[in-house]
Amino acid sequence: MKKVELFTDGACSGNPGPGGWGAILRFNECEKELSGGEPKTTNNRMELTAVIQGLSALKEPCEVTLTSDSKYVIDSIQKGWARSWKRNGWRKADKKPALNADLWERLLTLLDIHHVKLVWVRGHEGHPENERCDRLAVMAAQTKI
């Protein structure tokens with residue numbers, strides 16, 4: 001399996017509001033930047049979309065190191081919450097609907113294809129790729145205003 005690094009971030013002006021996402025894929029010395037946005041969305045949707053778009057860009061199953069500043073994304077995967085929500089018909093432990101079920105469904109499918117190691121970094125703390133992804137996400141969100 002190819003070893004790939006994926007860095008992601010999401011941004012939103014208002015919550016909901018215009019939002020954007022950014023992703024950087026790195027394989028050996030090759031890098032690819034991806035970004036996009038929506039006119040009315042939430043920060044969490046953009047964080048999820050960044051990961052989905054990054055993993056969807058891979059043409060074959062890979063070993064992926066995913067670096068994100070989103071506790072929502074990292075914790076929901078690492079702690080098994082997202083799979084539990086799915087098993088419970090997209091309901092959380094408190095029986096309330098899990099938000100963003102459409103995106104979680106897509107992401108869980110991609111996580112079954114790729115072997116993904118999760119790394120959380122604190123946002124806006126100088127991590128070079130996280131800062132680049134933030135700039136990509138903010139630029140994409142600004143085009144949606």
quick note, the chain, DSSP beta bridge pairs, % antiparallel (nearest 5) is 60
In whole Hz, what ³J(HN,Hα) sequence does the range 96-104 give by Karplus (6.51, -1.76, 1.60; θ = phi - 60°), x for Gly and Pro?
-> 7, x, 6, 6, 6, 4, 4, 6, 4
Once Rh is set to the Kirkwood radius over Cα pairs, what Stokes-Einstein translational diffusion coefficient, in µm²/s, holds for the range 2-142 at a temperature of 10 °C and a viscosity of 1.306 mPa s?
-> 106
Across the range 6-21, in residue order, what do the Karplus-derived ³J(HN,Hα) couplings come to in whole Hz, using 6.51 cos²θ - 1.76 cosθ + 1.60 with θ = phi - 60° and x for Gly and Pro?
-> 10, 10, 9, 7, x, 9, 8, 9, x, 8, x, x, x, x, x, 9
Distance in nm between pseudo-label sites at residue 94 and residue 78 (7 Å out along the Cβ direction from Cα) | 2.3
Lysines with Cα under 21 Å of residue 144, excluding same-chain neighbours fewer than 8 positions away | 40
Which net charge results when you count Lys and Arg as +1 and Asp and Glu as -1 among the other residues whose beta-carbon is under 13 Å from that of residue 85?
-> +4
Counting only C-alpha contacts under 8 Å and six or more residues apart, can you give the relative contact order of the chain as a whole percent?
-> 36
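Only the coordinates and a few stated rules stand behind these numbers; no lab work does. The structure displayed is predicted, hence computed values, not measured ones. Positions of Cβ are backbone-derived with ideal geometry, glycine not excepted, and every protein chain shown enters the neighbour counts.
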